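The structure appears below as structure tokens.
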Ligand code: HDE
């Protein structure tokens, strides 16, 4: 510690306070104390800068290298720490330690992401969300690297680079960013009928989640559990959000992207900050070969789900995210999720998409993090292991870029007999507790081929479309119209519509009508398209996970000079009592004089908090303020969007002219302040046909 409190004289008039007694001494990376962090070393006060200045050179040199390559996909992400708690033991099904005992907790680090955009892109494009969980178990790290959609675009990993090249910004022009509404994406999709099921999900409200806490997560592939007797059970993983499944509508999402590009990252941070911890239940679908063989699809095909109505999801644990990273780069950016990292009791199926992923992730970390020692970074280290206090891994691998460990002794090979002469001999394999691969019987010719059982590309796309709520169907059809309207090459649109005819004739007709194009012949199908029983579990709207609540949600209250103080206070209390967050919005943020002579500070300024960022909206205005605000575009838009985004609107009588100006029509969701808190717990889907044209 230094006590260096004098002012620097002779610095061109600059007089900054030097390090005070409470701060540690600033040093170079090599520990040399620094006397001046504001001026380069020069030959004379106005003279040239000297190359000798190690303090400057080191600082700039480090800065010049601060960035690492962003992830080739899922570059934009946000993460949090938390824990997983086993709520039902699976000890008879798997030896995986984290599922062995009810009540057992395992630390986790979870990262949510969008797929297509760069690291600095907005949080709310229409895109699939990554849902990657690193469990720091006592038997090593298990990475369950999933998405918020249970199927994928392609059946074989060899197509992944083409899919991603087609989806990302186009190679010559460098746009569009974080958007699939362009020629190359739809060109690839139109030629890839196996993507049709995923396209249904991608064009649905699933890709417009309200917040991360409102998403489901899925492991996608079929995995294996392996028990003490060596018996294997197939398993699919599901995360069910406690906050309920909720999405935005397209117009709202677009406006959020402009108003707050970090909307979901901010929400994650703020939820944790106020103790409203994002929570999910972990569920499993467990099945055997016999069940798998009885289904009209192949469980090794990642473009298929097992409907929950056919095989229920059994809840076995919960995940609570309760701590925000201390440092974005060190943790969120350097976190390396690797699906091949499993623990004893968890194994893989032959899904060719999964098998391809087992190679890709370690490989990509090598170029992204630059060293085979990426497992030593604190966020990646296997800290759950009992030995972790000393060293989270034990083996004879050595050296490499950025080696952080300092192994002692000569035992960098195995086996060795050094223990006989009293030397440290290092770790040894353990045939009992060590990881055992399930010894599945495999035999066959070497072939580049896809099984016949992967040939049906449309039945589950149809299942999805016919299972969701009519409001979601309309959103899906409109999304297809929007995306295809941005496709300039006409034959691509036509080819997509030809595929859609195999999904649902009504859907195809709606899209053709929305584009004002003729419907083409249906494309040929490689297998008969089945009419499977609808699966209501696939719905968001009026589905099993839709929650009518204010918990975790925000209510905007628009006030201005002269607003009724009592009405404001009681509405704020009521919102709080219902578990919500009241956000007071006003034209001027610092001080708003109220009806009783008191005043309050607003939380947000009207332009800075468009209603798209809020879950429900109330307006409490004096007659005079209303007269002013009907002429204020931002206020009219605030109310108009709340109505257009199907949100509840509460208002006092004096504010009514503002609602009239905004075109608000009476319905169940438009209420006086007395009925507002109850009304604010949901959206009003039936209003939608009155406010926009849907395909
Ligand atoms: Fe990924 N994926 N992926 N992916 N993926 C990556 O790994 C890849 C796939 C997923 O928050 C990359 O570390 C291939 C399915 C998530 O850091 C890369 C294939 C699913 C994340 C990669 C797939 C995912 C990634 C880029 C086709 C859902 C972000 C950076 C077989 C089950 C994890 C990185 C995080 C990231 C490869 C398909 C989910 C290049 C080859 C299916 C959530 O390795």
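When each of 366, 353, 358 is tested for being part of a helix (DSSP H, G or I) and surrounded by 19 or more Cβ atoms within 10 Å (Cβ to Cβ), the lone residue that passes is 353. The residues of the stretch 608-636 that are part of a helix (DSSP H, G or I) and within 26 Å of the chain's Cα centre (by Cα), listed by number, are 608, 611, 612, 613. Filtered by the rule that a residue be within 28 Å of residue 213 (Cβ to Cβ) and part of a loop (DSSP other than H, G, I, E, B), the stretch 267-305 gives 274, 275, 276, 277, 278, 302, 303, 304, 305. Contact map, the stretch 322-339: first residue closer than 19 Å to residue 262 by Cα, second residue within 11 Å of the ligand (Cβ to nearest atom) and assigned to a helix (DSSP H, G or I), Cβ cut-off under 7 Å, separation 6 or more or different chains; pairs are 325/332. Of all the listed residues (639, 584, 589), the sole one being outside any strand (DSSP E or B) and closer than 29 Å to residue 244 by Cα is 639. Note on the stretch 235-266: among residues that are away from the ligand (no atom under 16 Å from the Cβ) and in a strand (DSSP E or B), the one that is surrounded by the fewest Cβ atoms within 10 Å (Cβ to Cβ) is 240. Within the stretch 659-667, identify whether any single residue is out of contact with any strand residue (DSSP E or B) (no Cβ under 6 Å at 6 or more places or on another chain), under 30 Å from residue 497 (Cβ atoms) and part of a helix (DSSP H, G or I), and answer yes or no. No: the stretch 659-667 contains no residue that is out of contact with any strand residue (DSSP E or B) (no Cβ under 6 Å at 6 or more places or on another chain), under 30 Å from residue 497 (Cβ atoms) and part of a helix (DSSP H, G or I). Residue 165 meets the stated requirement of being without any contact (Cβ under 8 Å) to a residue 60 or more places away in the chain and part of a helix (DSSP H, G or I).
Quick one: is residue 116 crowded, with 19+ Cβ neighbours inside 10 Å, more than 17 Å from residue 339 (Cα to Cα) and without any contact (Cβ under 8 Å) to a residue 60 or more places away in the chain? For residue 116, the condition - crowded, with 19+ Cβ neighbours inside 10 Å, more than 17 Å from residue 339 (Cα to Cα) and without any contact (Cβ under 8 Å) to a residue 60 or more places away in the chain - is not met.
Contact map, the stretch 351-380: residues that are in contact (Cβ under 8 Å) with a residue 40 or more places away in the chain and farther than 22 Å from residue 325 by Cα paired with residues that are near the ligand (Cβ under 7 Å from one of its atoms) and assigned to a helix (DSSP H, G or I), Cβ distance under 6 Å, separation 6+ or inter-chain. Pairs shown: 353/157; 356/157.
Suppose the filter is touching a helix residue (DSSP H, G or I) at 6+ places or on another chain (Cβ under 7 Å) and either under 20 Å from residue 440 (Cα atoms) or surrounded by 22 or more Cβ atoms within 10 Å (Cβ to Cβ) (or both); does residue 286 pass it? Criteria not met by residue 286. Given the structure, is residue 213 closer than 18 Å to residue 118 by Cα, modelled with pLDDT of 95 or more and more than 14 Å from the ligand (Cβ to nearest atom)? It is false that residue 213 is closer than 18 Å to residue 118 by Cα, modelled with pLDDT of 95 or more and more than 14 Å from the ligand (Cβ to nearest atom). Return yes or no: is residue 306 surrounded by fewer than 17 Cβ atoms within 10 Å (Cβ to Cβ), in the same structural domain as residue 149 (by TED's automatic domain parsing) and closer than 14 Å to residue 235 by Cβ? Answer is no for this residue.
Against the criterion of being outside the structural domain of residue 312 (by TED's automatic domain parsing), part of a loop (DSSP other than H, G, I, E, B), at pLDDT 95 or above and within 25 Å of residue 299 (Cα to Cα), residue 530 qualifies.
Annotation note: of 176, 125, the sole residue that is farther than 27 Å from residue 84 by Cα, away from the ligand (no atom under 12 Å from the Cβ) and under 13 Å from the mean Cα position of the chain (by Cα) is 125. Restrict the check to the stretch 366-375 and report whether at least one residue is at pLDDT 95 or above, under 30 Å from residue 270 (Cβ atoms) and either touching a helix residue (DSSP H, G or I) at 6+ places or on another chain (Cβ under 7 Å) or within 13 Å of the ligand (Cβ to nearest atom) (or both). Checked the stretch 366-375: at least one residue is at pLDDT 95 or above, under 30 Å from residue 270 (Cβ atoms) and either touching a helix residue (DSSP H, G or I) at 6+ places or on another chain (Cβ under 7 Å) or within 13 Å of the ligand (Cβ to nearest atom) (or both).
Candidates in the stretch 73-88 are the residues that are part of a loop (DSSP other than H, G, I, E, B) and either more than 14 Å from the ligand (Cβ to nearest atom) or over 16 Å from the mean Cα position of the chain (by Cα) (or both); of these, the one that is farthest from residue 278 (Cα to Cα) is 88.
The values are calculated or read from the model by the stated rules, or taken from the named source; none is laboratory data. Every value quoted in this text rests on a predicted model; they were computed, and no experiment measured them. When we count neighbours, we look across all protein chains shown, and the Cβ atoms used for this are built from the backbone with ideal geometry, even at glycine.
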